[in-house]
Every structure is written in structure tokens, then in C-alpha cells.
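Quick note: the coordinates plus some simple rules give every number you see, no bench work behind them. Source: prediction; values computed, not measured. Positions of Cβ are generated from backbone atoms using ideal geometry, with glycine treated the same way; all protein chains shown enter the neighbour counts.
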Amino acid sequence: MTTHTISGGVVHTVPEDLRNALSHDTKALTLWESLTPLSRNEWICWVEYPKKEETRKDHVRRVVSELKDGMRRPCCWIGCIHRTDKAISPSVRGILNKRKHIV
């Protein structure tokens, strides 16, 4: 089996499930490698965000599919909140505060 070097993001490394999915789809892997580290970071964070395993699996599947459909970043994603190299924007902070109150 061929081992692929798969680039990570700004603060996130590629999780094993996403790594496997990308490794098995040459077109998706090529598109992944054409992304900026910030774009890859947002896809990785989007995959890791769900709490339910079934949702996470769906996100992994969608990364491959949506990359091949021409998407460069996850749609409607507020962005990675794990970055320490920049402050969270006021709009994202507002969204996160609303989510805390919904629980």
C-alpha cells in the first residue's frame, strides 16, 4: 500500500478517518493539497466538531465529495475556534455565546 503525505492545517493535523478517505480518492487528495493551510484547517475542524460518530462520518464523506464539487471551505462554517494566532471575531463570538445558551 502506498503511503501519502497529507498536509494539515494551521493548528490541526489530519485525523486518521479523514486521512483514510483522502488517501483512497486521488482527485480529492490532489484538491486537498491545493488548498491553503487555513482552508485545510477549517475542513479538519469541521470534521472534528461533531459529537455524534454518525455526523462525523458524514462530514468526512462530505469533505471528499464537496472538494470534488469545487468547494474550498466548508459551507456556513463559523471557522476554527482553536486558532490561537488570532482573536475570535465579534460575529463568531456572538454565535458561540448563543450556542452556550441553547444547551
Here region 47-63 yields Karplus 3J(HN,Hα) values (6.51, -1.76, 1.60; θ = phi - 60°; whole Hz; Gly and Pro given as x) of 5, 7, 5, x, 8, 7, 4, 5, 5, 4, 4, 5, 5, 4, 4, 5, 4
Could you list which residues have their amide H under 5 Å from that of Gly9, counting only those 5 or more apart in sequence or on another chain, with H placed in the peptide plane?
Val14
Coil-residue trypsin sites (Lys or Arg not before Pro) of region 11-58, DSSP, other Cβ within 10 Å capped at 11:
Lys51, Lys52
Arrange Lys68, Lys98 by Cβ neighbour counts within 10 Å, fewest through most, would you?
Lys98, Lys68
Quick check on region 33-79: what does the Kirkwood estimate of hydrodynamic radius come out to from the alpha carbon pairs, in Å?
10.8 Å
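If you rank Ile44, Ile6 by fewest surrounding Cβ atoms within 10 Å, what's the result? Present the calculation step by step, with values, prior to reporting the outcome.
On the way: Ile44 23, Ile6 16.
Placing the least packed residue first, the sequence is Ile6, Ile44.
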